[in-house]
1. I'd like the full set of residues that are in a loop (DSSP other than H, G, I, E, B), surrounded by fewer than 19 Cβ atoms within 10 Å (Cβ to Cβ) and in contact (Cβ under 8 Å) with a residue 24 or more places away in the chain, limited to the stretch 192-212.
2. Within the stretch 241-258, restricting attention to residues that are of a type outside the set (Gly, Ala, Ser) and under 17 Å from Arg50 (Cα atoms), which residue is most open to solvent (accessible area, probe 1.4 Å)?
3. Would you check which residues across the stretch 86-103 are open to solvent by 30 Å² or more (accessible area, probe 1.4 Å) and within 27 Å of Trp118 (Cβ to Cβ) and list them?
4. Are any of the residues in the stretch 158-170 assigned to a strand (DSSP E or B), open to solvent by less than 80 Å² (accessible area, probe 1.4 Å), free of Cβ contacts under 8 Å to residues at least 40 places away in the same chain and in contact with a strand residue (DSSP E or B) (Cβ under 9 Å, 6 or more places away or on another chain)?
5. Of everything in the stretch 218-240 that's open to solvent by less than 30 Å² (accessible area, probe 1.4 Å) and of a type in the set (S, T, N, Q), which residue is farthest from Gly149 (Cα to Cα)?
6. Please verify whether Leu175 is open to solvent by 50 Å² or more (accessible area, probe 1.4 Å) and either touching a His at 6+ places or on another chain (Cβ under 9 Å) or among the aliphatic types (A, V, I, L, M) (or both), treating the condition exactly as stated.
7. I want to confirm something. Restricting to the stretch 53-78 and keeping residues that are assigned to a strand (DSSP E or B) and under 15 Å from the mean Cα position of the chain (by Cα), which single residue is nearest to Phe249 (Cα to Cα)?
8. Can you name the residue in the stretch 62-76 that is of a type outside the set (A, V, I, L, M, F, W, C) and modelled with pLDDT of 90 or more and is also most open to solvent (accessible area, probe 1.4 Å) among such residues?
Amino acid sequence: MMHRKSALALAILAAGLTVSNAALAQAAAAPAEASPITANVTLTTNYKFRGQDQDVLGSNGNFKTSAVKPALQGGFDYAHESGFYIGNWNSSVNWMDGNSIEMDVYGGYKFKAGGLDWDVGTLGYIYPGATQGNTWEIYGSGSYASAFGAFTLKYSHTVSDDYFNWAGAKAGSGLSGRNTGYLNLGYAYEVVPKLTLKAAVGYTFFASDIKDNTVAQNYYDYNVGASYDFGGGLSLGGYVQGANKGSAFEVTGADGKTRSPNKARFIVALTKTL
């Protein structure tokens with residue numbers, strides 16, 4: 001017959017193992033905390049920025065007439081629980097000699113107030129090999145979500161003299177692009193689970209130095225389409241993007257042919273977020 005003390009010890013050990021196993025199982029079932037760092041990569045048939053093509057000229061200097069000019073894009077974001085964030089985003093481009101990539105760096109603060117989601121920050125556009133395109137902006141936006149969809153109004157304000165090769169000392173123009181502004185109203189509505197309709201209209205108004213001394217004109221741009229979320233961070237979007245005042249921004253290639261980067265295009269983009 002087993003000694004009572006031995007039996008008691010085995011019972012205590014068994015109980016302990018049962019509790020430990022339950023705790024381990026509970027710990028294994030608990031979801032992992034979300035990482036403050038996320039990354040994304042996109043393959044798109046075209047890259048437009050504020051309605052304008054960012055892949056304009058081929059290696060031979062001629063204007064690209066192809067409707068499909070693929071771009072590879074991607075970046076990462078770090079978001080602190082306090083609301084502060086920093087990030088980097090990059091894309092292949094081809095609209096200035098000596099440059100083939102756009103590198104954006106940004107940082108800001110997100111918070112809630114008055115029933116709205118607010119976002120304020122600063123963003124720098126960097127073009128290695130063609131620094132005359134470098135531009136720095138500050139921005140602010142407010143978003144409102146309702147049963148009829150989500151609305152976002154954002155304003156971006158140029159604080160650098162250099163402005164996308166239109167003005168600045170690096171561009172050699174002697175002009176200042178400071179105080180150029182961009183206003184954008186965006187809308188998103190999930191019509192069925194995973195399928196979201198999206199639309200946006202923007203307005204660029206140039207600083208007086210650019211507007212009075214170059215061919216550039218204030219213009220509107222638009223973006224209308226939809227995206228489908230496959231889950232697991234994978235989504236596919238299709239959009240029509242373009243802008244008005246196309247004749248003011250025409251580009252002439254080495255072959256003498258002239259085209260406008262404001263031409264409307266149907267763009268498909270596949271994105272993976274990690």
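The values are calculated or read from the model by the stated rules, or taken from the named source; none is laboratory data. The structure presented is a predicted model; accordingly, all values stated were derived computationally and were not measured. Methodologically, a virtual Cβ is constructed for each residue, glycine included, from the backbone with ideal geometry; neighbour enumeration extends over all protein chains shown. Calculation scope for accessible area: heavy atoms of the full protein, side chains included, ligands and nucleic acids excluded. Shrake-Rupley method; radii C 1.70, N 1.55, O 1.52, S 1.80 Å.
1. Within the stretch 192-212, Lys194 is the sole residue that qualifies.
2. Of everything passing the filter in the stretch 241-258, Glu250 is most open to solvent (accessible area, probe 1.4 Å).
3. Result: Ile86, Trp89, Asn90, Met103.
4. no
5. So the residue we want is Asn218.
6. Considered against the rule, which asks whether it is open to solvent by 50 Å² or more (accessible area, probe 1.4 Å) and either touching a His at 6+ places or on another chain (Cβ under 9 Å) or among the aliphatic types (A, V, I, L, M) (or both), Leu175 comes out as no.
7. Ala71
8. Filtering the stretch 62-76 for residues that are of a type outside the set (A, V, I, L, M, F, W, C) and modelled with pLDDT of 90 or more, the one most open to solvent (accessible area, probe 1.4 Å) comes out as Pro70.
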